[in-house]
Amino acid sequence: MRFRKDASDLDERLEIPELLIRALDSLESESLLVLPGEVILHKSEGLVNFGVLKDGRIASEDLIALIRGVRRSNEARRGSIEIARGPIGQGKRELKVSVTPLTEDGLILVLVSDESEARRIDAVRRDFVANVSHELKTPIGALGLLSEAILGAKDQPEEVVRFATKMQSEAKRLADLVQEIIDLSRLQSSDPLQRAFPVEIEDVIREAINQAQVSSESRRISVETGVIQEATVIGDRDQLIAAVHNLVENAVNYSPENTKVSVTSQLKDGLIEIKVADQGIGIPESELGRIFERFYRVDPARSRATGGTGLGLSIVKHVALNHGGDVKVWSQEGVGSTFSILLPVAPEVEYEDPIIEEN
Ligand code: ADP
């Protein structure tokens, strides 16, 4: 096979033997055939999901550099490249690439696979186990002490009732903690963009507010929706609801009674920003950088009193990053806080059909 160096008048598919296309399409990795000048001769269908191409060109500078290096040396190379999950946020996907020179005229075969998942899950698990064992020790220790106290007070019914009630609340705390740990670990071990569907933001906001109704009513806080601009994003509906719900619950928990929480959404530059604003206690500026960390609480005693686990915001951040988005916070002590989730809006063409059909 010979390929012209100037690909401008190249009749693309005709130049590639059908057999080669079939072989490439049968591979587990996605594939790309590249001519000099980084002209794309063939790309496998699944490559679109990797964000390697933009407007029919290779979007990754690192990949271009790798291809040029291989063309110069005429030797195959392997490497990894990082691709942003969306236009904002630090959510990245690590892709493994193998670049092989096929012909002397500079035709290059690029194979791309996403192995970051497996590695990421491994790292997350290791990290998680350490944090979790530490967090579980507190309520378990408390349960142990309380049961000893009950034994010691067995002849004083009132004390028994008091300690038993405390035991109940510690047990509930333990159960909530375990549930959130399960939720977070599920979130970290799944990629919503691999099983993504169009999700209406208005519906997400409505459902998130509904789920927070019991706590907002019990604290006499009115959760209101302001301007809601409609948008569709591609992702996991349940995860998006859980994220917005966590923000609403926090807004309610960290606000005095009889205040307001408002939820709005606004479209800007291809992004939808969901904002949850409260008139609550606020967060000191020095703590703002840490609140999205797992198990981080500004005031552990207050968080304990409201049943907080320190995992809520970390779940919110994970959901946003996994959807190619980001989170933002503004807060002033004694004035209130505004948390935002920014998500890329689905392109028009993808509005109607899910990207991946359910089996
Ligand atoms: P928690 O389960 O403790 O609420 P989160 O991860 O949801 O954990 O939040 C982390 C910390 O950030 C909280 O402990 C609290 O100190 C602070 N925080 C979160 N949301 C708000 C808010 N709306 N107003 C004031 N402080 C907040």
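The values are calculated or read from the model by the stated rules, or taken from the named source; none is laboratory data. Computed from a predicted model, the values in this text were never measured in an experiment. Every residue, glycine among them, receives a Cβ derived from its backbone with ideal geometry; neighbour counts consider all protein chains shown. Areas reflect the complete protein model, heavy atoms only, side chains present, ligands, DNA and RNA absent. Shrake-Rupley method; radii C 1.70, N 1.55, O 1.52, S 1.80 Å.
So which of S218, S190, S169, S185 ends up being closer than 20 Å to L343 by Cα and of a type in the set (S, T, N, Q)?
Answer to the check: S190.
Report yes if some residue within region 185-192 is open to solvent by 80 Å² or more (accessible area, probe 1.4 Å) and either within 20 Å of I315 (Cβ to Cβ) or part of a helix (DSSP H, G or I) (or both); otherwise report no. Break it down into steps so the answer makes sense when it comes.
Taking region 185-192 and keeping what is open to solvent by 80 Å² or more (accessible area, probe 1.4 Å), we get 186.
Right, trim to either within 20 Å of I315 (Cβ to Cβ) or part of a helix (DSSP H, G or I) (or both) and you get 186.
There is at least one residue in region 185-192 that is open to solvent by 80 Å² or more (accessible area, probe 1.4 Å) and either within 20 Å of I315 (Cβ to Cβ) or part of a helix (DSSP H, G or I) (or both).
For the structure I just gave you, tell me whether G226 is open to solvent by 30 Å² or more (accessible area, probe 1.4 Å) and either closer than 22 Å to L321 by Cβ or not charged (D, E, K, R) (or both). Give the derivation first.
Numbers: open to solvent by 30 Å² or more (accessible area, probe 1.4 Å): yes; either closer than 22 Å to L321 by Cβ or not charged (D, E, K, R) (or both): yes.
In short, yes.
Pick out, from region 247-356, the strands (runs of 3 or more DSSP E) lying fully within it that include 2 or more residues that are surrounded by fewer than 18 Cβ atoms within 10 Å (Cβ to Cβ) and more than 8 Å from the ligand (Cβ to nearest atom). Don't jump to the end; show me each part of the working.
Working: elements: 260-268, 271-278, 326-332, 336-344.
Where strands (runs of 3 or more DSSP E) fall fully within region 247-356 and carry at least 2 residues being surrounded by fewer than 18 Cβ atoms within 10 Å (Cβ to Cβ) and more than 8 Å from the ligand (Cβ to nearest atom), they are 260-268, 326-332.
Somewhere in region 182-202, is a residue in contact with a Leu (Cβ under 7 Å, 6 or more places away or on another chain), assigned by TED's automatic domain parsing to the domain that holds D238 and within 21 Å of E273 (Cβ to Cβ)? If you could, list the steps in order and put the result at the bottom.
In the first step, residues of region 182-202 are kept if they are in contact with a Leu (Cβ under 7 Å, 6 or more places away or on another chain); the result is 184, 199.
Next, only the ones that are assigned by TED's automatic domain parsing to the domain that holds D238 stay: 199.
Filter once more, so that each one left must be within 21 Å of E273 (Cβ to Cβ): 199.
Checked region 182-202: at least one residue is in contact with a Leu (Cβ under 7 Å, 6 or more places away or on another chain), assigned by TED's automatic domain parsing to the domain that holds D238 and within 21 Å of E273 (Cβ to Cβ).
If only one of V244, V214 is of a type in the set (V, I, T) and open to solvent by less than 40 Å² (accessible area, probe 1.4 Å), which one is it?
Working: V214 fails: open to solvent by less than 40 Å² (accessible area, probe 1.4 Å).
Just a single option satisfies the conditions, and that option is V244.
Within region 214-239, count every residue that is of a type in the set (D, E, K, R) and within 27 Å of the chain's Cα centre (by Cα).
Initially, region 214-239 is screened for residues of a type in the set (D, E, K, R), giving 217, 219-220, 224, 230, 236-238.
Narrowing the set further to residues that are within 27 Å of the chain's Cα centre (by Cα) leaves 224, 230, 236-238.
Summing the residues that are of a type in the set (D, E, K, R) and within 27 Å of the chain's Cα centre (by Cα) in region 214-239 gives 5.
Suppose the filter is of a type outside the set (S, T, Y), touching a residue at least 60 places away in the same chain (Cβ under 8 Å), within 16 Å of the ligand (Cβ to nearest atom) and not in a loop (DSSP other than H, G, I, E, B); does A208 pass it?
Working: of a type outside the set (S, T, Y): yes; touching a residue at least 60 places away in the same chain (Cβ under 8 Å): no; within 16 Å of the ligand (Cβ to nearest atom): yes; not in a loop (DSSP other than H, G, I, E, B): yes.
Considered against the rule, which asks whether it is of a type outside the set (S, T, Y), touching a residue at least 60 places away in the same chain (Cβ under 8 Å), within 16 Å of the ligand (Cβ to nearest atom) and not in a loop (DSSP other than H, G, I, E, B), A208 comes out as no.
In region 28-49, how many are open to solvent by 30 Å² or more (accessible area, probe 1.4 Å) and touching a Leu at 6+ places or on another chain (Cβ under 7 Å)?
As a first pass, look at region 28-49 and keep what is open to solvent by 30 Å² or more (accessible area, probe 1.4 Å): 28-30, 37, 39, 43, 45, 48-49.
If we keep only those that are touching a Leu at 6+ places or on another chain (Cβ under 7 Å) too, we end up with 29-30, 43.
The number of residues fulfilling the criteria is 3.
So if I check each of L151, L95, L136, L146, which one is in the same structural domain as S31 (by TED's automatic domain parsing) and either under 25 Å from I58 (Cα atoms) or outside any loop (DSSP other than H, G, I, E, B) (or both)?
Working: L151 fails: in the same structural domain as S31 (by TED's automatic domain parsing); L136 fails: in the same structural domain as S31 (by TED's automatic domain parsing); L146 fails: in the same structural domain as S31 (by TED's automatic domain parsing).
Unique residue meeting the criteria: L95.
Checking the structure you have, find out if any residue of region 296-319 is in contact (Cβ under 8 Å) with a residue 12 or more places away in the chain and of a type in the set (D, E).
No: zero hits.
With respect to the numbered conditions (1) over 22 Å from the mean Cα position of the chain (by Cα); (2) surrounded by 18 or more Cβ atoms within 10 Å (Cβ to Cβ); (3) closer than 21 Å to E30 by Cβ, which one is the sole condition not fulfilled by S98?
Condition (2) is where S98 drops out.
Does R57 meet the test of being over 28 Å from the mean Cα position of the chain (by Cα), over 23 Å from R195 (Cβ atoms) and open to solvent by 50 Å² or more (accessible area, probe 1.4 Å)?
Values: over 28 Å from the mean Cα position of the chain (by Cα): no; over 23 Å from R195 (Cβ atoms): yes; open to solvent by 50 Å² or more (accessible area, probe 1.4 Å): yes.
No.
Are any of the residues in region 117-133 open to solvent by less than 40 Å² (accessible area, probe 1.4 Å), in contact with an Asp or Glu (Cβ under 9 Å, 6 or more places away or on another chain) and assigned to a helix (DSSP H, G or I)?
Filtering region 117-133 for residues open to solvent by less than 40 Å² (accessible area, probe 1.4 Å) gives 117, 121, 124, 128, 132.
Checking the rest, the ones that are also in contact with an Asp or Glu (Cβ under 9 Å, 6 or more places away or on another chain) come to 117.
Filter once more, so that each one left must be assigned to a helix (DSSP H, G or I): 117.
Yes, that holds for at least one residue.
Which condition breaks for R71 when tested against (1) modelled with pLDDT of 90 or more; (2) open to solvent by less than 40 Å² (accessible area, probe 1.4 Å); (3) farther than 27 Å from D269 by Cα?
Against the list (1) modelled with pLDDT of 90 or more; (2) open to solvent by less than 40 Å² (accessible area, probe 1.4 Å); (3) farther than 27 Å from D269 by Cα, R71 comes up short only on (2).
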